[in-house]
Structures are given as structure tokens and as C-alpha cells.
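K.L.:
Quick one: structure below, then a few questions.
Rule-based calculations on the coordinates, nothing more; no lab input. Owing to the predicted nature of the structure, the values given are computational and were not obtained by experimental measurement. Backbone-built Cβ (ideal geometry, glycine too); neighbour counts: all protein chains shown.
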Amino acid sequence: MAPTSKTSTPRLGKVLTRGFFDRDVREVAPDLIGATLLVDGVGGIIVEVEAYHHTEPAAHSFNGPTPRNQIMFGPPGFAYVYRSYGIHWCVNFVCEEKGSASAVLIRALEPTHGLVAMRRRRHLQDVHALCSGPGKLTEALGITIAHNTLPLDRPPIALHARTEDVEVATGIRIGITKAAELPWRYGIRGSKFLSKPFPK
């Protein structure tokens, strides 16, 4: 990927519409690697995600709809935001047809846009640590429960397709005990912005 600097930002690809997410979540997840996520113009390149399918017990939708996860059961292309461990927000992208209730968790970004705002929100200068985890990136981008149920192809959210090829690594998901063996974590191999390196 193009190096992050204070004087230049990578060019943005085409805008991803909600139709992009109307596919198997395990196809969408690796295709998001290298795409750019912006919220009110602040964000960066997606370097790490995890897929969650409604048929496996790690998915929030596994036991059916609740007030918290209701958006997962709607049409694809919307944000699902929830509080993790009562501490930080996590943002997911709803995928597959209405009723499927599958989603991609955004785990890490390479910051490219709005570094001043991200550093202010995170009280950090180290660019590598700004968005190297699902709770870190939501804080950096200012994502809260107010963004839950918002469409992914309208302001304040914008997603742009990757503009160059990336080497996508796969591995098991992080921090779960159920269905922990499934290799549904995807990321840019060798990225310095991951929450955790992939096995070599």
C-alpha cells in the first residue's frame, strides 16, 4: 500500500454501494481489505476484518433477533454498532440478503485521512496505534451508537474500493471462544497497522 504521510494521501477508488454487501459475508470480508473507510472524511485503509455468519455461535445473530442486533436481520449495506465489554464501540457491516443476519467486523485501519482529528480523539501521536483494533478505530473515527443502522453509502459514511492489489492473509478470529477454529479473519499480510500479526 502507499505509505502514510502528512503531505499526501492515497487516491480513492470508486464508491462502494450497498449492493457490494449483498453477497456471502466470507466473500465480502476479504474484498474489503484495502478499501478505504471514511466517517465525515476521517479514516483510512481497511487492513483487518473478521467475518461472522449467522450459522455459527460467535455471531451476535446466532440466537435470533434482539433489540441490539436487529439491524443485522435487515438488508445489507448498513452499519451495526455495539458496545464491547461495556467499554468501547465496534463497527460492523451487514452483509447478505435480508434475514441472513451476517456481518463483517472492522478490526483495523491504516490512517490516511484526518490524522489531526484521530490523534486528538485518541490522545496519541503514534500513527500505528491510532486504529490498530476495533475499539481504537471507532474512537479515532468518532463512531458511536449514533452511527448504528446508518447506510454505508451515504454521508457521514463513505467506502471506497481499493485501488491496487493487496496480499490478503487469513487466520482464526481473535478474542472469541465459540467457533474459534474458523479461519475468517482477513488482513493485509505484513501490514504495520494490524491489531495482531498473522502467522507466517
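K.L.:
Over the chain, what is the relative contact order in percent, taking alpha-carbon pairs closer than 8 angstrom and at least six residues apart?
P.N.:
Once divided by the residue count of the chain, the mean separation gives 29 percent.
K.L.:
Bin width 5 Å, alpha-carbon pairs only: give the P(r) of the range 113-164 as whole percents, running from 0 to the bin holding the largest distance.
P.N.:
4, 18, 25, 21, 21, 10, 1
K.L.:
Turning to a different aspect of this structure: If you take the charge dipole of the chain about its Cα centre, with +1 on Lys and Arg Cβ and -1 on Asp and Glu Cβ, which of 175, 127, 72 is farthest toward its positive end?
P.N.:
Comparing the listed Cα positions along the dipole, 127 ranks first.
K.L.:
Continuing with the same structure: How large is the direction-averaged shadow of the alpha-carbon convex hull of the chain, in nm²?
P.N.:
Convex hull of Cα atoms, orientation-averaged projection: 10.2 nm².
K.L.:
Let me check I've understood the local charge: for residue 169, count other residues with C-beta under 12 angstrom from its C-beta, Lys and Arg +1, Asp and Glu -1. What total comes out?
P.N.:
Summing Lys/Arg as +1 and Asp/Glu as -1 gives +2.
K.L.:
Quick check: net charge around residue 24, other residues with Cβ under 15 Å of its Cβ, Lys/Arg +1 and Asp/Glu -1?
P.N.:
-4
K.L.:
For residue 170 and residue 125, what is the calculated FRET efficiency with R₀ set at 30 Å and r taken between the beta-carbons, to the nearest 0.05?
P.N.:
After rounding to 0.05, the efficiency reads 0.40.
K.L.:
For the chain, what does -39500 (n - 2.57) per DSSP helix run (n ≥ 4), summed and divided by total residues, give at 222 nm, in deg cm²/dmol to the nearest 500?
P.N.:
It lands at -3000 deg cm²/dmol.
K.L.:
Which lysines, if any, have their Cα less than 29 Å from the Cα of residue 136, not counting same-chain residues under 8 positions apart?
P.N.:
6, 14, 178, 192, 196, 200
K.L.:
Which aspartates and glutamates does residue 98 reach when only Cα atoms under 19 Å apart count, and residues fewer than 8 places away in its own chain are ignored?
P.N.:
22, 24, 27, 56, 153
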